[in-house]
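Below is one structure, written out as structure tokens, with a few remarks after it.
The values are calculated or read from the model by the stated rules, or taken from the named source; none is laboratory data. Note that this is a predicted model, so its numbers are computed, not measured. Every residue, glycine as well, gets a Cβ built from its backbone with ideal geometry; the counts of neighbours run over all protein chains shown. Surface accessibility is based on the protein's heavy atoms, side chains included, excluding ligands, DNA and RNA. Shrake-Rupley method; radii C 1.70, N 1.55, O 1.52, S 1.80 Å.
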Amino acid sequence: MVRRDQVALLSGRMGLAFLSPALIFIILFLLFPFLWVVVISFTDRTLLGASAVSPEFVGLKNYLALFNPERWMRRGEFGYSLYLTLIFVASCVAGQMGLGITLSLLFFHREGVLKEVMYTLVTLAWILPEAAMAFTWSAFFDRDAGTLNTILGWFGLGPYDWLLDYPLLSIIIFNIWRGTAFSMLLMSAALGSIRPSYIETAMVAGASPWQRFRDIMFPLVRPQFLTGIVLITLWTFNVFSPFLLTQGGPAFQTEIVAIHTYRVAFRFYEFGRGSAIAVVVMLVNLLLASVYLLSQRRQGVRFR
Amino acid sequence: MRLVRYVLARIGFYVLVAVVGSFFALPLLWLFTAPFHPQATLSVQLPAQPTLANFAAVFRNTFAVRALLQNSVIQAGGAMVATTLVASLAAYALARVRLPGRDVLVYVLILFSSVVTGTAAMVPIFLLIYNLGLIDSHLGVIMVFTGGLLPTAIFIMRDFVAGLPRSLEESAMVAGAGSWQILRQIVLPQVRPGMMVVAVWAFVNVWGGFLIPFILLRSPDKMPASAATYSFYTEAGTPVITLIAAYALLYVIPALALYLFVNWRYGFKFFGGIKS
């Protein structure tokens, strides 16, 4: 008797043949860049000229330049962009999680057209092309004709020149708008998996809505909540789309790390220094990814 | 007292829904009014006499048309086909071949593709494509996108392949069918919905992608619609708002249509909470 699961539906060789295209792509475009960027970061590589053909090993020079205590917190330098990124990420995570939870609670155990419309709107903000969305937002933010100032005008406020006077706030609002769908879908799924009897029991016991949320619902969805925070942090840290709205300006006020990397590497073609920034970015990414993996493991989630 | 509280709660609910709804709807409003307005500005105005003239103007602009109907289609279509085929083969193999630790492997790969993102990897990716002689080529863009999308695509496909009963393939094998026959006639029809989902997902991702073509392409005649939209409103001097509005809407429509299609056909599910 041959046991059922011993019947190989694919021979080992066929299996390898099926896997190899994926392996080649992943090695070439994920693993190799990951390692190569570390190597480049120790050289003076540029796009053109002698250092493009035979870049020289410069040791820690690029890293020392990044963290040079005299310059690094000046506008347009690495430290300053890290500081902006910190504000940007913290505000976006708070905003997206807050809005996502609010939306999922508003429509908790509710069906209907209103929910469909709302979820569709939020999801569209997430999946429609970023170049077109950035342009509609620059129209929305416009000082003279923009919808935002028109509405604020009804209340006697403004007009404000959003992208010039409050650029960091503007890209934060834009990014929250674009990213809320994820936390909304995540938290809706999490809340939906709570057993109705838990909540009914609390209602019978006379718990107020806030008590029900604080004592019953939130503790049950805390794992997904933390997962959401880590993933959104990781993604927001790497997001490039604010570039489409402000190009990092005015005067570097929205130059978050992603845009800073782009400017150093592709405006000045300083690949060595750009790579050193990329290595720092990837180290932060790795740290966040490990936090995520560890938290999943502690929750006893089987890696599906 | 109870009634008052109930009414207050309902009012609060609708006020909150209206505020949050406005936040998500109002920025989009302009995109759907301006293209039809003969003298569109950056403000939302309902056109008294809606016109399609702005679209006609877009179609007279060869750069715009080539970016949208040729370059974006080639790049998004190419990456869609490559991602779907490569991911399906890999997912099937992972489901049917005994491989220790394969579940952790896929999981770690997805996370890894979040670590080596476009931002962190732009320098090595650029140099790699440069050394391969693929700068300013559709193929370079397609390959880089495919590499980045693959881990998640494999993950999505695995959900579909894992649901396949082995018994069908086994009985076909007992009946003497060859491997290719089994694949084509038994497996393929069953995993087709999964391939559809991956294909749509990959297409929408590449269709909207900006950074990779922006870095890897040089000549205007290779630019996809994302880079074209961007150059319209940043590099063209005084932007022609009517033209950009109409173009942006045309550019958004395929993504919008595909979302509505997937939502209607499969329900917009939430594949592992991953979106790159």
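Things to note:
- Residue within the range A:26-49 that is open to solvent by less than 60 Å² (accessible area, probe 1.4 Å) and among the basic types (Lys, Arg) present: yes
- Taking the range B:123-147 as the range and being on the phi < 0 side of the Ramachandran plot and out of contact with any helix residue (DSSP H, G or I) (no Cβ under 6 Å at 6 or more places or on another chain) as the test, the residues that pass are B:LEU127, B:LEU128, B:TYR130, B:ASN131, B:LEU132, B:SER137, B:LEU139, B:MET143.
- Qualifying residue in the range A:279-299 (condition: among the basic types (Lys, Arg), open to solvent by 10 Å² or more (accessible area, probe 1.4 Å) and in contact (Cβ under 8 Å) with a residue 24 or more places away in the chain): no
Residues checked against (1) surrounded by fewer than 20 Cβ atoms within 10 Å (Cβ to Cβ); (2) touching a residue at least 24 places away in the same chain (Cβ under 8 Å); (3) within 11 Å of another protein chain (Cβ to nearest Cβ):
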| position | (1), (2), (3) |
| --- | --- |
| B:TYR130 | yes, no, yes |
| B:SER137 | yes, yes, no |
| B:MET143 | no, yes, yes |
| B:LEU149 | no, yes, yes |
| B:ILE154 | no, yes, yes |
| B:ASP159 | yes, yes, yes |
| B:SER167 | yes, no, yes |
| B:GLU170 | yes, no, yes |
| B:VAL174 | yes, no, yes |
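- Selection of helices (runs of 4 or more DSSP H) fully inside the range A:115-215 by the criterion of at least 2 residues being surrounded by fewer than 19 Cβ atoms within 10 Å (Cβ to Cβ) returns A:147-154, A:162-165, A:167-192, A:196-204.
- Residue check for A:GLU56: out of contact with any Leu (no Cβ under 7 Å at 6 or more places or on another chain), open to solvent by 40 Å² or more (accessible area, probe 1.4 Å), of a type in the set (D, E, K, R) and more than 20 Å from B:PHE24 (Cα to Cα): yes
- Some residue of the range B:49-62 being within 14 Å of chain A (Cβ to nearest Cβ), farther than 15 Å from B:LEU243 by Cα and part of a loop (DSSP other than H, G, I, E, B): no
- Residue check for B:LEU29: at the interface with another protein chain (Cβ under 9 Å from one of its Cβ atoms), open to solvent by 60 Å² or more (accessible area, probe 1.4 Å), within 26 Å of B:PHE210 (Cα to Cα) and not basic (Lys, Arg): yes
- Residue in the range B:113-120 that is more than 7 Å from chain A (Cβ to nearest Cβ) and either touching a residue at least 40 places away in the same chain (Cβ under 8 Å) or of a type in the set (Val, Ile, Thr) (or both) present: no
- Neighbours by Cβ (under 9 Å, 6+ apart or cross-chain): first from the range A:32-44, at the interface with chain B (Cβ under 8 Å from one of its Cβ atoms) and more than 11 Å from B:MET122 (Cα to Cα); second of a type in the set (Val, Ile, Thr) and buried (at least 24 other Cβ atoms within 10 Å of the Cβ): A:TRP36/B:VAL123; A:ILE40/B:VAL123
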